[in-house]
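What follows is one structure encoded as structure tokens, with my remarks underneath.
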Amino acid sequence: MPVPSFQLFGLSHVTVLMLTALAAMLMIRLRTKNSPWATVADYLLMGGLVLQWPMTVLAHRELGDLSLQNALPFHLCDVAAWAGVVALLTRHRLAAELCYFFGLTGTLQGLITPALSEGFPHLRFIAFFMGHSSVVIAAVYLVAGLKLTPRHRAPARMLGWLVVYAISVGSINAMLHTNYGFVCAKPPSPSLMDVLGPWPWYVVSLSVVGFVIFSLLDLPFIRQRKMDLSLPSKCA
């Protein structure tokens, strides 16, 4: 049976984008209304974040191209996914920041311009969008539903973690001859990297762009942090 081809902004792609937005809004509403279904939704979201990796491995095995390049959870989207699981389970602020900033910077871009060849209903399509959509939903839900908003100097802190990630995954790529995080070569499908120059300069450019996007994502929370600081402290 032939593998269906993915079409950028085709019916299946647009449907996924719409369902992602609707799911995020529904989860936020359930949490703000203190619905008993909110916890169920949390666990369903965690299931999507966790299961996308083994499903991706199974999909590549079905396609016959399973290799070190696609079998390990070392992309930035994977880091955001695991951070989302930790944040949902523990309400850890750093994990929530990693999911929010990495998810809405890298994973959202991947959701809009996927590095994907297989269309619906292939398992690769389902696994890809399960992972990317779950990360984006978690990123929005953590700050808007669970109120785990970014702390002071979060953009600079996230830039530091982004550099740590790039160095770490670059070392892994050197050892395994892979391209996780696309730090060694650009993805084959159209992406933001195409306009940021050749290697290795596009990696540096991505860091600058990342910090700018981090700062923009932090803007909605600056005023609230200032208001919190202006409140009188309580004495014991």
Pick from the stretch 214-224, criterion at pLDDT below 95 and touching a Ser or Thr at 6+ places or on another chain (Cβ under 8 Å), ranking: surrounded by the fewest Cβ atoms within 10 Å (Cβ to Cβ): Gln224
Qualifying position, being part of a loop (DSSP other than H, G, I, E, B) and either closer than 18 Å to Leu11 by Cα or in contact (Cβ under 8 Å) with a residue 60 or more places away in the chain (or both), among Leu146, Leu98: Leu146
Residue pairs meeting the criteria (Cβ under 9 Å; at least 6 apart or on separate chains; first over 20 Å from Leu108 (Cβ atoms), in the stretch 1-16; second part of a loop (DSSP other than H, G, I, E, B) and polar (S, T, N, Q)): Val3/Ser117; Ser5/Ser117
Qualifying positions in the stretch 1-12 - among the aliphatic types (A, V, I, L, M), under 22 Å from the mean Cα position of the chain (by Cα) and modelled with pLDDT of 95 or more: none
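Considering only the stretch 1-12, state which residues are part of a helix (DSSP H, G or I), among the aliphatic types (A, V, I, L, M) and surrounded by 13 or more Cβ atoms within 10 Å (Cβ to Cβ).
none
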Residue count, the stretch 13-72 (criterion: outside any helix (DSSP H, G or I), farther than 21 Å from Ala95 by Cα and either under 17 Å from the mean Cα position of the chain (by Cα) or hydroxyl-bearing (Ser, Thr, Tyr) (or both)): 2
Close pairs (8 angstrom Cβ cut-off, 6 or more residues apart or separate chains): closer than 17 Å to Ile167 by Cα in the stretch 191-210, assigned to a loop (DSSP other than H, G, I, E, B) and modelled with pLDDT under 85 anywhere: Trp199/Lys186; Tyr202/Lys186; Tyr202/Leu196; Ser205/Leu196; Ser205/Gly197; Leu206/Leu196
Which listed residue is small (Gly, Ala, Ser), exposed (fewer than 14 other Cβ atoms within 10 Å of the Cβ), modelled with pLDDT under 95 and under 19 Å from Gln69 (Cβ atoms), from Ala185, Ala236, Ala166: Ala185
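Report whether or not Phe125 is in contact with a strand residue (DSSP E or B) (Cβ under 8 Å, 6 or more places away or on another chain), assigned to a helix (DSSP H, G or I) and crowded, with 22+ Cβ neighbours inside 10 Å.
Yes, satisfied.
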Residue in the stretch 146-153 that is farther than 24 Å from Met193 by Cβ, at pLDDT 95 or above, under 17 Å from the mean Cα position of the chain (by Cα) and crowded, with 22+ Cβ neighbours inside 10 Å present: yes
Only one of Ala138, Ala81, Ala115 that is assigned to a helix (DSSP H, G or I) and either under 20 Å from Phe221 (Cα atoms) or in contact (Cβ under 8 Å) with a residue 60 or more places away in the chain (or both): Ala138
Odd one out for Leu116, checked against (1) closer than 18 Å to Glu62 by Cα; (2) surrounded by fewer than 17 Cβ atoms within 10 Å (Cβ to Cβ): (2)
Residue in the stretch 170-190 that is nearest to Phe9 (Cα to Cα), counting only those that are free of Cβ contacts under 8 Å to residues at least 60 places away in the same chain and part of a loop (DSSP other than H, G, I, E, B): Lys186
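The values are calculated or read from the model by the stated rules, or taken from the named source; none is laboratory data. This one's a predicted model, so the numbers in the text were calculated from it and none came from an experiment. We place every Cβ from the backbone using ideal geometry, glycine too, and count neighbours over all the protein chains shown.
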